[in-house]
Amino acid sequence: MTKQASGTEHILSQIGQFKGPAPVHEWDPPYCGEMDMRIAADGRWYHEGSPIGRPLLVRLFSSILRKDPDGYHYLVTPVEKVRIQVDDCPFVAQLMDVEEVGGESQITFTLNTGETVTADANHAIEVTVDDDNQPHPTVHVRDGLWALISRSVFYSLVEVADQVSRDDGKKANNNNQIKTELVVSSSGSEFVLGTV
């Protein structure tokens, strides 16, 4: 942590008043340097190289996390902003629940912080492919922050997916090509997990 960056105690004293995520997108405090804090790819939080073992502390810090247009992640309070390192996604979706509500399927994820996110138009499920050609499934949590969907949860998501055949718009030998996609629906939105 740099000399300009404030200590964790000071930050904690400012965020203890909020229930759930704080309105960090409304705050524009001065940048106070970097903090030696890292969120590993598996969702574990570290401070000065040691794991943060208290789940309440992780929840408090995650409630003031923001990703700015510069691509960096910050802990933000009304009076200061400190940069932290995030190896992949700041959250991990560890559990999934599928319910029928009002005739529509709802897919709700529970994150490593205890927060829940229901996939919908504002909380999209996206699957890209990583450098090893493996699926990298994510769900949008809030304000540009994403959760990695754990492998076991992704397998469960694939199990509830429907196979949908679609015209991909490409012509081969004057015939349209049909592709089959794995699709899940949640809260009136469809999300493609991949092709078969």
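If you run the Gaussian network model on the chain, springs between alpha carbon atoms under 10 Å, then out of 185, 50, 63 the most flexible one is 50.
Only Lys, Arg, Asp and Glu carry charge here, each on its Cβ (+1 for the first two, -1 for the last two); on that basis the chain has a dipole of about 360 debye about its Cα centre. Of 56, 148, 182, the residue with the greatest mean-square motion in the GNM of the chain, using alpha carbon springs below 10 Å, is 56. If you take the charge dipole of the chain about its Cα centre, with +1 on Lys and Arg Cβ and -1 on Asp and Glu Cβ, which of 147, 22, 116 is farthest toward its positive end? Highest projection toward the positive end goes to 22. Applying 1/(1 + (r/R0)^6) with r as the Cβ-Cβ distance of residue 122 and residue 34 and R0 = 45 angstrom yields a FRET efficiency of 0.90. Take the Cα of residue 180, go 7 Å toward its beta carbon, and the backbone nitrogen atoms of the range 136-159 under 20 Å from that spot belong to 155-159.
Rounded to the nearest 0.05, the FRET efficiency derived from the C-beta distance between residue 26 and residue 136 at R0 = 35 Å is 0.70.
Bear in mind that the values in this text are calculations on the coordinates, not laboratory data. Everything numeric in this text was worked out from a predicted model, so none of it was measured. We place every Cβ from the backbone using ideal geometry, glycine too, and count neighbours over all the protein chains shown.
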